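The values are calculated or read from the model by the stated rules, or taken from the named source; none is laboratory data. All values derive from a computational prediction rather than experimental measurement. Please note: Cβ atoms are built from the backbone with ideal geometry, for glycine as well, and neighbour counts cover all protein chains shown. Surface areas here come from the heavy atoms of the whole protein model, side chains and all, with no ligands, DNA or RNA. Shrake-Rupley method; radii C 1.70, N 1.55, O 1.52, S 1.80 Å.
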Amino acid sequence: MDAQAFCGALERRGYGFFSGVPCSYLKGPFALLEQHPTYLPAPSEGIALSLAAGAELGGTRAAVLIQNSGLGNLLDPLTSLLLAYDVPVLIVASLRGWPRPEDDEPHHAAMGAGTLGTLEAIGVAHGILDGDPAGLEALLDRAERERERRRPFVILVPKGTIGTCAVPSGGEREEPALDRQEAVGVIAARLTDELTFSTTGMISRELFAAADRPENFYMQGSMGHAIGLGLGAAVTLPHRKVVVIDGDGAALMHLGGSALVGERGPANLTHIVLDNGSYDSTGGQRAARLAWAELALALGYRTARTCATAAELAAHLDKIAALPGPHMVGVPIRRGSSWTPPRITSAHTNSEVRARFQQAATPTSPLDGPEEPAQ
């Protein structure tokens, strides 16, 4: 289905407010909606739904676009806000990991199999888009009937159902000097025995390409939770240095994790945020750039600095290596990349990544299970 036709159908039905968190399956609609005056990109799916509910309460029909892996972030406001207060919102969700989990990344398997059952369990009506304009109109008719009952409706979008569009350039803003590959390369060159957690998407793939090592935990999926992993490890393994390599969109999604870092103050934690002002892994949709250093100091990090060049980043990482943290390093980077780094799953399963990391972090971990008896 043409992306313009999809968005046009929603607007003809009176939808005038849009929000969401990007997915590559919905790249076309997001590219068009970014030019819409009442589109608000949200840091998480739950916030997107609350924004839409606010628009509905103000009398404007609202739609939210998400990836089905973010359905969990959506469930609380979906059940305790929309269903509890009779607020109808249209939700458009991609169907990652469906119908064949093996055709997608492993971290989409559980939600791919569970999306339809989850919606059925909470009693939310839904239908799968087949790419036929008549099929879309039929789903929107069903959404109208649910709206009459003051209920939400979910349109589920399989891979390849809606076409893509060029992403707006974002104006004439000056692009940073560093790109993602170069920034990750500078970081990787300084890793020795640090336990390193890298966020979902291209950042983990860049780290894998630059310096694959047992001490790297490539967090594919679980967007926004790399800092939680890092803080948990830093607090329970105070004798080990911990590095979290985050992205701006991921760090924003669960910013409370950074607040907890500041409150707890682990001296062995360094938090690096690569900020390109976009969701690069899903197609380059825009996100807000933040002053990460100033924010981190306000949250209670011991040190914080923005590093705009490779030389600045290298020198600062060398400097703080011997200083107590927690440290925040904000790194503005360009959008896009001149290459596509390899997938981690080309070499390791998720279980293999976990097992070798755990062995490197805690050689006698009880989670490794009993050893096989000697033969």
Antiparallel DSSP beta bridges within the chain, as percent of all bridges there, nearest 5:
5
The chain: equivalent-ellipsoid semi-axes (sqrt of 5 x gyration tensor eigenvalues, Cα, Å):
37, 24, 20
Where q = 0.10, 0.20 Å⁻¹, what log10 of I(q)/I(0) comes from the Debye formula for region 174-262, counting one point per Cα?
-0.24, -0.95
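Assuming a viscosity of 0.890 mPa s and a temperature of 25 °C, what translational diffusion coefficient in µm² per second does Stokes-Einstein assign to region 218-350, Rh being the Kirkwood radius over Cα pairs? Could the numbers behind the result be given before it?
Numbers: Rh = 15.4 Å.
The calculation lands on 160 µm²/s.
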Tell me, what is the 1.4 Å probe accessible area of residue 319, in Å² to the nearest 10?
130
Could you tell me the accessible area of residue 202 in Å² (1.4 Å probe, neighbours in place), rounded to the nearest ten?
40
Could you give the length gained on full extension between residue 356 and residue 175, defined as 0.36 nm per residue of separation minus the Cα-Cα distance, in nm?
61.4 nm
So which lysines can residue 319 reach, going by Cα to Cα under 28 Å and dropping same-chain residues fewer than 8 places off?
241
Using helices alone, what [θ] at 222 nm do you get for the chain, with -39,500 (n - 2.57) per DSSP H run of 4 or more residues, divided over all residues and rounded to the nearest 500?
-11500 deg cm²/dmol
If the cut-off is a Cα-Cα distance under 15 Å, which aspartates and glutamates reach residue 159, setting aside same-chain residues fewer than 8 apart in sequence?
2, 102, 103, 104, 105, 130, 132
List, in order, the whole-Hz ³J(HN,Hα) value for each residue of region 96-113 obtained from phi through the Karplus relation with A = 6.51, B = -1.76, C = 1.60 and θ = phi - 60°; use x for Gly and Pro.
5, x, 9, x, 10, x, 5, 8, 10, 5, x, 6, 9, 5, 5, 6, x, 6
In square angstrom, rounded to the nearest 10, how much accessible surface does residue 309 have for a 1.4 Å probe?
50
Estimated FRET transfer efficiency (residue 142, residue 340; beta-carbon r; R0 35 Å; 0.05):
0.35
Rank-order 47-56, 117-126 by packing density, defined as the average count of other C-beta atoms within 10 Å over each peptide's residues, highest first.
47-56, 117-126
